[in-house]
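Undergrad: I have a structure here, written as structure tokens, and I will follow up with some questions on it.
Just so you know, all these numbers are worked out from the coordinates, no wet-lab data involved. Quick caveat, the model's predicted, so the values are computed rather than measured. Ideal geometry is used to build each Cβ from the backbone, glycine not excepted, and the neighbour counts take in all protein chains shown.
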């Protein structure tokens, strides 16, 4: 078995070191000085520590290599545990120096004879018919010894006697078994029981011995005993054969008739569980079939001891041995595995010289023979080649590398065995050609947002951020950190942390009621010289969970109990109290429902929303003086939380039931009052608007500057009428100013009935033009034609306005 190993190196050769130790060495025992021994073979090690680093270790529990290169045992090594009974027990290590060279170390563990043979039981019982002829054999259950090789079981012996002897046989796996052989005829009437000692001896010096007592019972003869056609059968079966595949059809004969000739087949008692899991035998037909998975790589040979016994009295079983050889098929493709800091990518400088080793290669195939013989090669036309060594190969630079022309090579390593048909396996290896650091890391998103439930576990992963850097090697290797800052006057690092790969973890359990959202920045920095960086904003939204139990706030509780008093004559609907509770959660988690869970529920009811507790019936004079209820406030979270209050209600004759409809809601009264005032104001405004519109149609006004106007005609509906209304015509209207020269004229402006836009009238002689109706707006102006710019006392401005069809009131100003 040759594992496939890949590691970034920079060497032109690989050296091998071999050490041998005995088992049972104490922990900390020195195996060898790898640094010193490797230097003797030309191994390159830089003077600065650490000198060596282990890149693979087949048994890291047993041996370790210090950075200085001293190889020691980690614990007491028991070869029988590490390698069981394998002929060779080797621990392999592969070491890389600080000069990027490879050293392969093999430590062989030598076995000690530290275990004696042991039988599975302390006695063996066997029955033999008195007519058993000399030479009849009976297989015995063997002893086991965990030691390997010569230190395992080598021989068996029996207490010296004339009737029985032992014959030693070697199994296919090298183990020894013993068979009891009848040497002389037996006579039950002379002696029916024999007791001997069987000893098993290993090959140590001195040897270790294990013993067991053998009890032989001589029984009456059975005329004929079953006989197998052959004593030993050898068959071949392919691995991976389906279950119930026939392996062999055994046949034993017995000339007796009836039950004396009816034969039953079975495995011998000492057939192992492993063999019984792989095969089974039909007790009537003697056919052995596959019972489990046969794998050549696990077991190549099985030896099955079968006995055939008739059903007659004092039957003597017949025995045979079936050797099953499992034939290998090419069912295992070559196995490719990777072991390195990065198992899929190797970096190499574009200045690497021809012959520079970038990878160490090994191939494995569990099959045997040609099926397990593997060839390895690189596919495609690439500037790399494979260099073969005894047990592995290396990949070397075989041409000029130029990153500006090509910065990535995808190597395909193909392994193919020699089976028919051959099986193949491939592994891809990316070779990156390194460059200078000229690109900062770039986050996939400038802003990250993550929803997190409150009460999270500290140390839990919140999210992962990722930044890309198109540079190569260390220039493109990105590390992450939290930008210093504060969250609610606390260091951001007390809230979150980030690992080098960009996974952000919580440092505390978040509380939605305290912190609903918080932002921080993540910095991504490459490892170039000088390094480049960029940052991204992360927002954590803390979601509410139902983690706050409602707290009763009203009525005040003492040890969970509140006492209230109500009048004995309180009627139906009388408000006993109002239960209130607070829940700091939000939404459904904080919405409370009130219920009466226990007590005198027939006398009280509660509003599920506002918590008002009211009476549901009259109490009367004969009612008891005390009632008890339990009120529960429960939120709507999942699962919901609740709080309860035990309320004792006392009926007091000293109180009067002034109201049965509950306390006045001041907010409601305030709203009703505002609505009423607004309605009154609205109606008043409508009334005033209508009134003003009506009055405007009736108003006729003379605005007289000074005391010149002796007659003003004004129509105000709200003035007190001092005389009976009189119907006026245009001829009845005159303007008589005081102390005004006769040359003054009166002009009329904006009267649509006039012949021109500007007319002058003698206010002593002329009336208003007949064409001006009352409904028109007429502006009258008294002017001095000779001196229009004179002082106001020489001319007076009079304005006449008339609207509507009603007759104006007549007011005479003396």
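Undergrad: In whole Å, what three semi-axes, largest first, describe the equivalent ellipsoid of the stretch 551-663 built from its Cα gyration tensor (square root of 5 times each eigenvalue)?
TA: Each semi-axis is the square root of five times an eigenvalue, giving 27, 13, 12 Å.
Undergrad: Another question about this same structure. If you bin every alpha carbon distance in the stretch 466-518 into 5 Å steps from zero, what whole percent lands in each bin?
TA: Taking all Cα pairs of the stretch 466-518, the binned fractions are 5, 16, 22, 20, 14, 10, 7, 5, 2, 0 percent.
Undergrad: Which value, to two decimals, describes the C-alpha radius of gyration of the stretch 224-352 once divided by 2.2 N^0.38 Å?
TA: 1.67
Undergrad: Let me ask something additional. With equal scatterers on the alpha carbons only and no solvent term, can you work out the Debye log10 of I(q)/I(0) for the stretch 113-220 at 0.16, 0.22 1/Å?
TA: Rounded to two decimals, the profile gives -0.70, -1.13.
Undergrad: Please report the relative contact order for the stretch 551-663, taking Cα pairs under 8 Å with a sequence separation of at least 6, and give it as a percent rounded to a whole number.
TA: Reported relative contact order: 38 percent.
Undergrad: Only residues of the stretch 197-241 count here: report those whose backbone N is under 19 Å from the spot 7 Å along Cα→Cβ of residue 185, or say none.
TA: From the stretch 197-241, the list is 218-225.
Undergrad: Here's another thing I want to ask about it. Show me the ranking of peptides 197-204, 285-292, 236-243 by mean Cβ neighbours inside 10 Å, starting with the highest. Show your work: numbers first, answer last.
TA: Numbers: 197-204: 19.8, 285-292: 17.4, 236-243: 14.1.
Peptide ranking by packing, descending: 197-204, 285-292, 236-243.
Undergrad: Would you please give the FRET efficiency between residue 564 and residue 505, computed as 1/(1 + (r/R0)^6) with r the Cβ-Cβ distance and R0 = 60 Å, to the nearest 0.05?
TA: 0.70
Undergrad: Could you work out the Kirkwood radius for the stretch 442-543, taking every pair of different alpha carbons, averaging 1/r and inverting it, reported in Å?
TA: Working: mean 1/r = 0.0713 Å⁻¹.
Value: 14.0 Å, from the Cα pair sum.
Undergrad: Counting other beta carbons within 10 Å of each residue's own, what order do 192, 506 fall into, fewest first?
TA: So the ranking, lowest neighbour count to highest, is 192, 506.
Undergrad: So how much slack lies between residue 373 and residue 572, counting 0.36 nm per residue of separation and subtracting their Cα-Cα distance, in nm?
TA: 61.7 nm
Undergrad: Nearest-5 percent of antiparallel DSSP beta bridges in the stretch 113-220?
TA: Beta bridges within the stretch 113-220, antiparallel portion: roughly 80 percent.
Undergrad: Shifting gears a bit: Can you put 692, 376 in order of Cβ neighbours within 10 angstrom, beginning with the fewest?
TA: With the fewest neighbours first, 692, 376 line up as 692, 376.
Undergrad: Also, quick follow-up: Restricting to the stretch 14-110, compute how many DSSP beta bridges are antiparallel as a %, nearest 5.
TA: If I count the DSSP bridges inside the stretch 14-110, around 65 percent turn out antiparallel.
Undergrad: Can I ask one more? Below 8 Å, C-alpha to C-alpha, sequence gap of six or more: please give me the relative contact order for the stretch 14-110 in percent.
TA: Averaging sequence separation for qualifying contacts and normalising by length gives 41 percent for the stretch 14-110.
Undergrad: Something else about it: What FRET efficiency comes out for the pair residue 673/residue 455, r = Cβ-Cβ distance, R0 = 41 Å, nearest 0.05?
TA: Taking R0 as 41 Å, the efficiency between residue 673 and residue 455 is 0.30.
Undergrad: Please give the length that would be gained between residue 236 and residue 494 if that part of the chain were fully extended, namely 0.36 nm times their separation in residues minus their C-alpha to C-alpha distance (nm, one decimal).
TA: 85.9 nm
Undergrad: Calculate how many DSSP beta bridges within the stretch 442-543 are antiparallel, expressed in % of all such bridges and rounded to the nearest 5.
TA: So the antiparallel bridges amount to about 75 percent of the total.
Undergrad: Take the Cα gyration tensor of the stretch 293-386, multiply each eigenvalue by 5, square-root it, and list the three semi-axes largest first, rounded to whole angstrom.
TA: 56, 13, 9
Undergrad: For 579, 81, 247, which order do you get if you count the other beta carbons within 10 Å of each Cβ and list the fewest first?
TA: In increasing order of surrounding Cβ atoms, one gets 81, 247, 579.
Undergrad: Could you state the principal axis extents of the C-alpha atoms in the stretch 345-433, from the largest down, to the nearest angstrom?
TA: Largest to smallest, the principal-axis extents are 46, 23, 19 Å.
Undergrad: What relative contact order, as a whole-number percentage, does the stretch 248-323 give when Cα pairs under 8 Å and 6 or more residues apart are counted? Spell out each step's value before the answer.
TA: Numbers: 128 pairs, mean separation 25.9, N = 76.
Relative contact order, the stretch 248-323: 34 percent.
Undergrad: Be a star and scan the stretch 408-439 for residues whose amide nitrogen sits under 12 Å from the point 7 Å along the Cα-to-Cβ vector of residue 329.
TA: Zone members listed by number: 421.
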